[in-house]
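Enquirer: Okay, here's the structure, questions in a sec.
All of the numbers you see were taken from the coordinates with simple rules; none came from a lab. All of these numbers come straight from a predicted model, not from anything done at the bench. Here the Cβ positions follow ideal geometry from the backbone for every residue, glycine too, while neighbour counts run over all protein chains shown.
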Amino acid sequence: MRRIAIYGKGGIGKSTTTSNLSAALAHKGYKVMQVGCDPKADSTKNLMGGKRIPTVLEQIKAKGEDLTLQDIVFEGYGGVLCVESGGPTPGVGCAGRGIISAFEKLDELKAFETYQPDIVIYDVLGDVVCGGFAMPIRGGYAKDVYVVSSGEMMALYAANNISQAIKGFGKRGYAKLRGLILNAKNIENEMEIVEKAVDEIGTQLLHYIPRSPEIQEAEHQGGTVFEFLTDSQMQSVYMELADKIIAQDTEEE
């Protein structure tokens with residue numbers, strides 16, 4: 001089972017990228033589980049017809065010891081298994097702690113042993129890499145980490161912070177930073193800015209995702225470019241990203 005984490009600054013298009021990647025991998029025949037690690041709990045909505053699913057924390061509170069996997073794991077587009085960790089009420093409690101509780105519950109209920117996905121993707125908010133937000137990389141859940149960024153200063157600042165945290169945990173045998181995914185915003189000299197940044201960070205520019213109205217068009221309909229658009233050029237963009245990620249795993253076998 002391949003376990004990867006995708007980090008990025010809030011609002012950078014990380015969840016959109018992750019959902020379309022999951023859909024692309026499903027099209028290639030892989031059984032995918034996507035775990036949203038953001039208190040907004042909106043990582044998987046584009047795989048669930050635009051609808052929000054109950055979070056692990058909500059269901060723990062509502063059902064207690066009677067909680068089952070069917071209460072927190074939902075099948076979305078292409079058979080992708082969708083989970084949202086959720087978070088506390090705004091202003092009360094720690095969002096990072098919510099992620100930790102959700103991970104512990106998935107382990108307790110043996111989610112991975114039961115569903116046996118080929119690939120698990122953790123979609124993680126990367127503005128702050130501490131506590132529960134670092135759980136996928138420090139807890140041994142994810143082996144490979146990718147960062148989604150644009151060429152905007154604050155997005156690259158967050159990408160650098162994320163990479164430093166990953167490198168720190170990597171020294172202890174945890175996850176490895178495998179590359180940056182450029183989700184373009186069409187700012188001036190964006191490619192050159194990002195190429196310089198990845199050199200400074202010490203990683204590679206894995207893939208370029210052009211800015212396209214097709215992505216927003218699909219999201220307005222409640223899904224990915226695979227589900228709601230035909231003959232979309234963006235489908236091949238995400239399929240290529242899926243190929244690159246799979247190829248990196250094959251390289252180490």
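Enquirer: Give the long-range amide H neighbours of Leu205: residues separated by 5 or more places, or on another chain, with amide H under 5 Å away, using H modelled in the peptide plane at 1.01 Å from N.
Expert: It is Leu180, by chain and number.
Enquirer: With springs only between Cα atoms under 10 Å, which of Thr44, Thr230, Thr68 fluctuates most in a Gaussian network model of the chain?
Expert: Its mean-square fluctuation being the largest, the pick is Thr230.
Enquirer: On a C-alpha basis, how far is the centre of the range 150-210 from the centre of the range 1-66 in Å? Whole number, if you could?
Expert: Taking the Cα centre of each part, the range 150-210 and the range 1-66 sit 22 Å apart.
Enquirer: Kindly provide log₁₀ I(q)/I(0) values, in the same order as q = 0.12, 0.19, 0.28 Å⁻¹, from the Debye equation applied to equal alpha-carbon scatterers of the range 1-65.
Expert: Log10 I(q)/I(0), no solvent term: -0.35, -0.82, -1.30.
Enquirer: With a ≥ b ≥ c taken as the square roots of the eigenvalues of the C-alpha gyration tensor of the range 161-222, please select rounded if a/c is under 1.5 and otherwise prolate if a/b is larger than b/c or oblate if it is not?
Expert: oblate
Enquirer: Would you mind giving the average projected area, over all directions, of the Cα convex hull of the range 149-253 in nm² with one decimal?
Expert: Its average projected convex-hull area is 8.0 nm².
Enquirer: Note the per residue figure in Å³ for the convex hull of the C-alpha positions in the range 1-144.
Expert: Here the figure is 101 Å³ per residue.
Enquirer: Starting from the amide H of Gly86, placed 1.01 Å from N in the peptide plane, find each other amide H under 5 Å away whose residue is 5 or more places distant or on another chain.
Expert: Asp38, Ala41, Val56
Enquirer: Separation between the Glu240 and Asp42 pseudo-spin-labels, each 7 Å from Cα along Cα→Cβ, expressed in nm?
Expert: For the pair Glu240/Asp42, the computed spacing is 2.8 nm.
Enquirer: Still on this model: Taking the structure as given and computing percent of Cα pairs over 26 Å apart, which label from (i) 38; (ii) 50; (iii) 35 fits?
Expert: (iii)
Enquirer: With a cut-off of 8 Å between alpha carbons and a minimum separation of six or more residues, what is the relative contact order of the range 2-251 in percent?
Expert: Here the relative contact order equals 25 percent.
Enquirer: I'd like to know which of Thr17, Ser43, Thr68 lies farthest towards the positive end of the charge dipole of the chain, counting +1 on Cβ of Lys and Arg and -1 on Cβ of Asp and Glu.
Expert: Farthest towards the positive pole: Thr68.
Enquirer: A follow-up question, please. Would you kindly derive the ³J(HN,Hα) couplings of the range 69-75 from the backbone phi angles with the Karplus curve 6.51 cos²θ - 1.76 cosθ + 1.60 (θ = phi - 60°), listing them in order in whole Hz, with x for Gly and Pro?
Expert: Computed from phi, the couplings for the range 69-75 are 4, 5, 7, 10, 10, 10, 8 Hz.
Enquirer: Helix hunt in the chain: which complete DSSP H runs extend at least 24 Å axially by C-alpha with mean Kyte-Doolittle at least -0.5?
Expert: Qualifying helices, which must be both long enough and hydrophobic enough, are 153-170, 233-251.
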